[in-house]
Ligand code: PHE
């Protein structure tokens, strides 16, 4: 009797299994695949040899071989997934950003901490002064509709005062004209509308923020600048209250040797109106290039709320009165620190910026 071709099957299967277990990488595994499970593998060769057996013996042998194949195939796939998992873990490890080396070594220590810019810190100081005087601080949008920037402030279309506040127009495809606000005064309108809606009058607020004008920068002007607006709406408010707030603010912020003065002026949204000026801190009032030889620097405008504005927002001018002011934050920084040319504020020259850390 010829020996069965499967006489050594179990030893051969164990050998295949241990070969599979010894495959160390996915490359080795791929390379060994035809030898272990492919058409020319040992088990496939044995399969072919079964053809010489008696039908009954062939059936038994076939079942045995099938079982061995399943076992080898399963071991092979298990090995493949183990190796694939290991390869993935390895590549994740290799890709990990080494914080202790790559990043830290590319930065020179010690890193100097940054600090708020001069305009930002000036804004905070101004807010502090006004909060100390009982004002709250409010915020408003930098992009406004024509209504807020002009019309509600008693500046109808084609009013010559619009020339003073020429600005950048924003095309949002809306029928209404949209502008980069030219002053913080539109925030007054928002605040008054809100207080009317909520029935929360009186108002004592300051509103700092960024403004834009189509201006050519010079020693005292920037096209993008900052203002702080003030608004008081209450009962029995008089011009003396406005003058008192301006004077108190000037002494508190600039110190006792800097004076303020109000000069008659015109703004469509206040009546009467005034310009608010302080002694030029560069020349201490002597007259210099920065103040155009006048000894005074205009910080902003102010006045009593115009009845047209009160009625635009639905406030009863018989019951309520008030005042508003608005002045330049950049201008305050300039005067406080005796900066001859305001353009230094936006030059980003660290020799300048570091003096205000
Ligand atoms: N909004 C005015 C300006 O930018 C200043 C101002 C504010 C005047 C409030 C009066 C009242 O020129």
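Would you calculate the separation in nanometres between label points at residue 288 and residue 60, each defined as 7 Å from the Cα along the Cα-to-beta-carbon direction?
Inter-label distance under the simple model: 11.5 nm.
Please report how far the C-alpha centroid of segment 60-97 lies from that of segment 282-357, rounded to the nearest whole angstrom.
One Cα centre to the other: 77 Å.
Would you kindly state how much longer the chain becomes between residue 172 and residue 80 on full extension, computed as 0.36 nm times their sequence separation minus their alpha carbon distance, in nm to one decimal?
Working: separation 92, 0.36 × 92 = 33.12 nm, distance 5.89 nm.
Residue separation times 0.36 nm, minus the Cα-Cα distance, leaves 27.2 nm.
To the nearest 500 deg cm²/dmol, what mean residue ellipticity at 222 nm is calculated for the chain from DSSP H runs of n ≥ 4 alone, each contributing -39,500 (n - 2.57), summed and divided by the residues?
Working: 11 runs with 142 residues, N = 357.
Mean residue ellipticity at 222 nm (helix-derived): -12500 deg cm²/dmol.
Please state, to two decimals, what the Cα-based radius of gyration of segment 200-310 comes to when divided by 2.2 N^0.38 Å (N = residues). All intermediate terms of the calculation are to be shown ahead of the outcome.
Details: Rg = 15.2 Å, N = 111, 2.2 N^0.38 = 13.2 Å.
Working it through for segment 200-310, the quotient is 1.16.
Which residues in segment 148-167 have a backbone N closer than 19 Å to a point placed 7 Å from the Cα of residue 194 along the Cα-to-Cβ line?
148-150, 152-153
May I ask for the angle, rounded to the nearest 10°, between helix 26-37 and the longest principal axis of the chain, with both axes built from Cα atoms and the value confined to 0 to 90°?
Result, in degrees: 30.
Output the 0 to 90 degree angle, nearest 10, between the alpha-carbon long axis of helix 118-132 and the longest principal axis computed from the alpha carbons of the chain.
Tilt relative to the chain: about 60 degrees.
So how far apart, in nm, are the two label points at residue 24 and residue 338 if each is 7 Å from Cα heading toward Cβ?
Spacing of the two 7 Å Cα→Cβ label points: 7.8 nm.
Taking the chain as the reference, fit the longest principal axis to its C-alpha atoms, fit the long axis of helix 239-254 to the helix C-alpha atoms, and give the angle between the two in degrees, 0 to 90, nearest 10.
The two axes meet at around 60 degrees.
Report the residue, chosen from 121, 273, 22, that carries the largest GNM mean-square fluctuation when the chain is represented by alpha-carbon nodes joined by springs under 10 Å.
It is 22.
How would you rank 159, 183, going from fewest to most other Cβ atoms within 10 Å of each one's own Cβ? Intermediate results must be reported in sequence, preceding the final value.
Working: 159 14, 183 26.
Fewest-to-most ranking of 159, 183: 159, 183.
Using 1/(1 + (r/R0)^6) with R0 = 41 angstrom and r between the beta carbons of residue 131 and residue 223, what's the FRET efficiency to the nearest 0.05? Write down the numbers at each step before the final one.
Numbers: r = 30 Å, r/R0 = 0.72.
Calculated value: 0.90.
Ranked highest first by the average count of other Cβ atoms within 10 Å around their residues, in what order do 283-295, 259-271 fall?
Listed from highest to lowest mean packing, they are 259-271, 283-295.
Pull out the extension gain between residue 93 and residue 352, defined as 0.36 nm times the separation in residues minus the alpha carbon to alpha carbon distance; nm, one decimal.
Result for the pair: 88.7 nm of gain on full extension.
Using the count of nearby Cβ atoms within 10 Å as a rough guide to exposure, how do 166, 171 rank from fewest to most? Walk me through the numbers on the way to the answer.
Details: 166 12, 171 7.
Listed from fewest to most nearby Cβ atoms, that is 171, 166.
Viscosity 1.002 mPa s, temperature 20 °C: give me the Stokes-Einstein translational D for segment 9-95 in µm²/s, with Rh taken as the Kirkwood radius over C-alpha pairs.
The estimated diffusion coefficient comes to 151 µm²/s.
Where a number appears in this text, it was derived from the coordinates with a stated rule and is not lab data. As the structure is a computational prediction, the values presented were derived from the model and not from experiment. Here the Cβ is made from the backbone with ideal geometry for all residues, glycine too, and neighbour counts use every protein chain on show.
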